[in-house]
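Undergrad: Here you go, one structure.
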Amino acid sequence: MKRLLRILRNTIISLGILYLALFVFTRVIHYPEPVATIKLGLAPASKTPTLMPWHVIDPAAKPIAIPVTAEKMPDEIMYKKTSLPFNEFLKQTDTNAFIVLRNGVMTYEWYKDGISQQTQLPSYSVAKTMTSIMIGQLVAQGKIKESDKFVEYFPELKNGSSFDLVTIKQLLDMQAGVGVSDNYPSGPSGWGVAIAQMYATTDLNWFLKNNRKMAFEPGSKSEYRSVDSQMLGMIIKKVTGKKVADYFSQNVWQVVGAKYPATWNVDRVGGTEKTFCCFNAAGIDYARVGMLFLNGGYAGPNKVIDKAWLKRMTTPVTTLDRNWGYAAQVWHPFPNIYMAMGLHGQFIFINPETRTVIVKLSDNPTDSDHEADTAKALLEISKLKN
């Protein structure tokens with residue numbers, strides 16, 4: 001018995017020393033404390049919104065109503081060159097919410113068991129498009145110009161390299177060249193890579209200060225890098241003098257008539273929003289943002305996106321992954337199709353020809369290869385006659 005107690009005591013002491021060492025290490029690299037970091041690294045996509053601190057985004061006092069009618073989805077849908085029953089397509093693509101709006105009318109709404117219309121679901125890189133909308137507003141107001149250099153707003157981050165030459169335009173179109181690649185890790189072994197550090201960090205200013213090496217010269221080529229979107233968010237915060245969540249609430253979320261509150265995860269409470277990801281909202285309210293692209297930037301009588309900026313977002317200027325077009329934080333997977341897309345299967349898919357918006361929010365594994373096939377399926381659904 002004494003030997004067992006001694007082993008137990010030594011085990012507890014060893015675990016305590018290990019936790020203390022990990023705690024000190026995570027503080028040094030500006031990560032959450034060890035248990036929180038492990039939870040964040042292992043959680044499915046839909047469970048992450050409350051695993052990091054957040055700022056609240058208030059909805060509209062009087063949400064804009066969306067008419068509802070019924071539409072039957074196709075019996076079969078092509079996915080990865082296989083015809084699947086529609087419900088099987090939703091299952092195989094780990095869908096949590098699937099919403100279709102046609103000409104401003106919600107014709108289909110489906111949620112996985114345990115999820116409802118008001119459930120906040122993460123958007124991951126769909127947040128980039130939200131960030132672009134705010135940048136466009138500031139451009140329209142004359143508060144910033146696309147030719148402005150990032151370091152004009154953050155002179156303390158100048159380092160004498162081509163980092164000092166990065167412009168807002170280059171950040172918008174993924175042409176900045178800042179050396180934080182989007183090689184998203186799978187499992188604990190990858191938590192130390194730069195993109196994972198940016199995702200988990202408790203101090204984004206510290207992160208950027210320590211990640212200013214350049215991968216290529218600004219404007220010399222295009223490469224999808226989430227750090228570009230984060231730098232745009234930092235500019236929004238600096239220029240407006242507000243939390244990004246507060247500015248977004250007042251100038252976008254309430255104006256589109258959002259029904260439910262949203263959140264934006266931050267490095268720490270009162271700190272900086274992670275504008276390359278980490279925006280969380282109800283599926284129906286993501287659809288409202290999609291409708292802006294069909295209605296000239298308006299939500300009812302309220303202008304959210306300036307006409308010139310809407311053209312900027314909907315006119316591809318470069319080509320990125322999968323040979324898809326890209327411009328101002330918006331994907332163009334097919335001719336005259338606009339799409340906001342995020343890791344783990346988050347989509348706002350917009351087909352202006354059929355005036356259709358499809359929202360698909362999912363829990364795809366990090367290493368799944370689904371985006372191209374899912375986009376093809378969404379295109380097929382968007383072309384259906386209601």
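To keep it simple, each residue is scored yes or no on (1) of a type in the set (A, V, I, L, M, F, W, C); (2) crowded, with 17+ Cβ neighbours inside 10 Å.
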{"site": "Thr201", "(1), (2)": "no, yes"}
{"site": "Trp206", "(1), (2)": "yes, no"}
{"site": "Val255", "(1), (2)": "yes, yes"}
{"site": "Asp267", "(1), (2)": "no, yes"}
{"site": "Lys274", "(1), (2)": "no, yes"}
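Undergrad: Collect the residues in the stretch 199-220 that are under 13 Å from Val166 (Cα atoms) and assigned to a loop (DSSP other than H, G, I, E, B), keeping them in residue-number order. Even if it seems obvious, please write down each step before you answer.
TA: Just the residues of the stretch 199-220 that are under 13 Å from Val166 (Cα atoms), to begin with: 212-220.
Once the filter is applied, which keeps residues that are under 13 Å from Val166 (Cα atoms) and assigned to a loop (DSSP other than H, G, I, E, B), the stretch 199-220 yields Arg212, Lys213, Ala215, Phe216, Glu217, Pro218, Gly219, Ser220.
Undergrad: Another question, if that's okay. Are any of the residues in the stretch 360-370 surrounded by fewer than 16 Cβ atoms within 10 Å (Cβ to Cβ) and either among the basic types (Lys, Arg) or under 22 Å from Ala282 (Cβ atoms) (or both)?
TA: no
Undergrad: Okay, moving on. Of the conditions (1) of a type outside the set (A, V, I, L, M, F, W, C); (2) in contact with a helix residue (DSSP H, G or I) (Cβ under 6 Å, 6 or more places away or on another chain); (3) under 24 Å from Ile99 (Cβ atoms), Arg288 satisfies every one except a single condition; which number is it?
TA: (2)
Undergrad: Kindly list the number of the only condition in (1) over 30 Å from Pro67 (Cβ atoms); (2) out of contact with any helix residue (DSSP H, G or I) (no Cβ under 9 Å at 6 or more places or on another chain); (3) modelled with pLDDT of 95 or more that fails for Val193.
TA: Condition (3) is where Val193 drops out.
Undergrad: Regarding Phe349, is this residue at pLDDT 95 or above, in the same structural domain as Lys112 (by TED's automatic domain parsing) and assigned to a loop (DSSP other than H, G, I, E, B)?
TA: On the way: at pLDDT 95 or above: yes; in the same structural domain as Lys112 (by TED's automatic domain parsing): yes; assigned to a loop (DSSP other than H, G, I, E, B): no.
For Phe349, the condition - at pLDDT 95 or above, in the same structural domain as Lys112 (by TED's automatic domain parsing) and assigned to a loop (DSSP other than H, G, I, E, B) - is not met.
Undergrad: Against the conditions (1) free of Cβ contacts under 8 Å to residues at least 40 places away in the same chain; (2) of a type outside the set (D, E, K, R); (3) closer than 18 Å to Arg355 by Cβ, where does Pro316 fall short? Just the number, please.
TA: (3)
Undergrad: Another question about this same structure. With respect to Ala194, is the statement that it is farther than 25 Å from His332 by Cα and crowded, with 23+ Cβ neighbours inside 10 Å true? Talk me through it step by step, then tell me what you get.
TA: Details: farther than 25 Å from His332 by Cα: yes; crowded, with 23+ Cβ neighbours inside 10 Å: no.
So Ala194 does not fit the description; no.
Undergrad: Go through the stretch 236-253 and give me each residue that's in a loop (DSSP other than H, G, I, E, B) and surrounded by 19 or more Cβ atoms within 10 Å (Cβ to Cβ). Spell out the reasoning first.
TA: Within the stretch 236-253, the subset in a loop (DSSP other than H, G, I, E, B) is 241-243.
Answer for the stretch 236-253, where residues must be in a loop (DSSP other than H, G, I, E, B) and surrounded by 19 or more Cβ atoms within 10 Å (Cβ to Cβ): just Lys243.
Undergrad: Moving on to the next point. Arg322 passes all but one of (1) surrounded by 18 or more Cβ atoms within 10 Å (Cβ to Cβ); (2) outside any loop (DSSP other than H, G, I, E, B); which number fails?
TA: Checking Arg322 against (1) surrounded by 18 or more Cβ atoms within 10 Å (Cβ to Cβ); (2) outside any loop (DSSP other than H, G, I, E, B), the one that fails is (1).
Undergrad: Between Asp246, Asp228, which is over 19 Å from Thr318 (Cβ atoms) and either in contact with a Cys (Cβ under 6 Å, 6 or more places away or on another chain) or not hydrophobic (A, V, I, L, M, F, W, C) (or both)? Explain how you work it out, then say what you get.
TA: Working: Asp228 fails: over 19 Å from Thr318 (Cβ atoms).
Checking each option against the conditions leaves just Asp246.
Undergrad: Pick from Ile66, Ile13, Ile7, Ile17: which is at pLDDT 95 or above and either loosely packed, with under 14 Cβ neighbours inside 10 Å or aliphatic (A, V, I, L, M) (or both)? Working first, answer last.
TA: Details: Ile13 fails: at pLDDT 95 or above; Ile7 fails: at pLDDT 95 or above; Ile17 fails: at pLDDT 95 or above.
That would be Ile66, the only listed residue that is at pLDDT 95 or above and either loosely packed, with under 14 Cβ neighbours inside 10 Å or aliphatic (A, V, I, L, M) (or both).
Undergrad: Right, something else. Taking into account only those residues within the stretch 281-314 that are in a helix (DSSP H, G or I) and under 15 Å from Val139 (Cα atoms), which is nearest to the chain's Cα centre (by Cα)? Walk me through it before giving the result.
TA: So in the stretch 281-314, the residues in a helix (DSSP H, G or I) come out as 283-292, 307-313.
Filter again for under 15 Å from Val139 (Cα atoms), leaving 307-313.
On the way: Lys307: 23, Ala308: 23, Trp309: 20, Leu310: 19, Lys311: 21, Arg312: 19, Met313: 16 Å.
Filtering the stretch 281-314 for residues that are in a helix (DSSP H, G or I) and under 15 Å from Val139 (Cα atoms), the one nearest to the chain's Cα centre (by Cα) comes out as Met313.
The values are calculated or read from the model by the stated rules, or taken from the named source; none is laboratory data. Not measured: the values here are computed from a predicted model. With ideal geometry, Cβ positions are generated from the backbone for all residues, glycine too; neighbour counts draw on all protein chains shown.
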